[in-house]
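Here's the structure we're looking at; comments come further down.
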Amino acid sequence: MRCFTHPLLRRLLGLSAQSVPGGLSQSKGPICSPKWSSLRQSCTARPGLVTATDAVNYWQKVFEINGIPEARESSEYIVSFVLGAKTFQSLNSKSLYTPLTALQQEQIQQLSNKRLERMPVQYVLGEWDFQDLTLKMRPPVFIPRPETEDLVSLVVEEESWKCEKNSDLRFPVSVPHPVILEIGCGSGAIALSLLCKLPQSQVIAVDKEKTAVDLTRENAHRLQLQDRIHILHHDVSHSSAKQLLLWGPLDFIVSNPPYVFHEDMASLDAEILCYENLDALDGGDDGMRVIKTILALAPSLLKDSGSVFLEVDHRHPDMVENWLRAHPNLLLVLRAIHKDFCGKPRFLHIQKQSR
Ligand SMILES: C[S@@+](CC[C@H](N)C(=O)[O-])C[C@H]1O[C@@H](n2cnc3c(N)ncnc32)[C@H](O)[C@@H]1O
């Protein structure tokens, strides 16, 4: 599995969940690139021939000279991709030391030029892994972050727990076929992972952006998951719950909504600001614009005891709890706060109370 920034490195760097699509902060300036042809003369065992290892070392240097973040990783991902591998580490010694063809060198050059323009490597390659899935990636659709894999796991754990509880009953209530709504599906990462992990489930995936809806649909077809997913071009802020109730009351609502505080948007990395849809990140003044909409909709969409799982900013758990207390009519309670791999409160489990 590919993970651009290792969780530990991210922890050391203190990076937040929605802040890094495969790049850290960087300086802008003119692009400097030693001649690719000079590499052919200088770095190879046999003069005139460039191996994968030479190419990785060369582009790492070019990226470093130009202040491109994660220069080594960027270079390794690009070269591996052109050789048909996911990671540089997975290449065998034959692939590492066989001279690259002219076409491969040309492809590496073209992809590296995009990275030199600060394009996140996920868009450069046009695909990225999320849990066990390889998903197509296309700007400006939000690149799924590794933290969000834990949001999927929380929903799966809750469903497993419900199933166990049900099977312990003397007269089990029914065979579980959970119906899940994902609000803001982006590339389809969460929705499609849930379909894989919960083979009896059905998912309704909505996004207000046509580009996101199209990409989720494309990813669903590529993964042959299209039969259990309904993908809707739908803005939850501008419509009632009616359209979403066509599939019946829901077991779960899951969302990684835009939750960055508006004042923090300007300090995001250039990679994000230049390539990703900023509406996918900007949660308004308190980061809660879409969170509040989801919570206001939830009671009319969920079954009794149904759950909302949200990814949020680490400042949001207290804010959401206070907001729910101020809206007792919604009958929603904050059941649990879960931390991300940096130890920050990141995921909320909110449950609809039975009447
Ligand atoms: C942070 S991204 C998450 C994308 C994807 N779920 C993931 O985790 O990779 C938030 C998504 O919510 C969508 N979105 C924002 N406001 C929305 C709204 N009012 N209704 C529906 N979708 C919305 C954005 O277009 C974006 O795709």
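Where a number appears in this text, it was derived from the coordinates with a stated rule and is not lab data. Fair warning: this is a prediction, and the values are worked out from it, not measured in the lab. All Cβ positions, glycine included, derive from the backbone under ideal geometry; neighbour counts span all protein chains shown.
Using 0.36 nm per residue and subtracting the Cα-Cα separation, the extra length available between ALA336 and GLU157 on full extension is 63.1 nm. Straightening the chain between ASP279 and HIS262 buys 5.1 nm, computed as 0.36 nm per residue apart minus the Cα-Cα spacing. Under the simplified labelling scheme, the LYS303-LEU246 pair shows an inter-label distance of 2.2 nm, with each label point 7 Å from Cα along Cα→Cβ.
Take the Cβ atoms of ARG222 and LEU49, set R0 to 22 Å, and the FRET efficiency comes out at 0.05.
Cα centroid separation, the range 108-166 to the range 286-338: 25 Å.
Would you list which aspartates and glutamates come within 20 Å of LYS162, measuring only between C-alpha atoms, while excluding same-chain residues fewer than 8 positions from it? Filter leaves ASP150, GLU182, ASP251, ASP304. Checking the cross-link pairs LYS136/LYS344; LYS242/LYS303; LYS61/LYS114; LYS242/LYS292; LYS303/LYS339 against a 20 Å limit on the alpha carbon distance flags LYS136/LYS344; LYS303/LYS339 as lying beyond it. Of GLU311, GLU164, the sequence from fewest to most neighbouring Cβ atoms within 10 angstrom is GLU164, GLU311. Residue exposure proxy: THR53, THR101, THR87, ordered by other Cβ atoms within 10 angstrom of their Cβ from fewest to most, comes out as THR101, THR87, THR53. As a size descriptor, the averaged projected area of the C-alpha convex hull of the range 187-323 was calculated at 9.1 nm². Considering the options PHE142, LEU103, GLY126, tell which one lies farthest towards the positive end of the dipole of the range 94-154, charges being +1 on Lys and Arg and -1 on Asp and Glu at the Cβ, about the Cα centre. Highest projection toward the positive end goes to LEU103. Exposure proxy for ILE183, ILE204: other Cβ atoms within 10 Å of each Cβ, ordered fewest to most, give ILE204, ILE183.
Placing +1 on the Cβ of every Lys and Arg and -1 on the Cβ of every Asp and Glu, with no other charges, gives the range 148-352 a dipole of roughly 900 debye about its Cα centre. Overall, the anisotropy analysis places the range 245-313 in the prolate class: the square-rooted eigenvalues a ≥ b ≥ c of its C-alpha gyration tensor yield a/c not less than 1.5, with a/b exceeding b/c.
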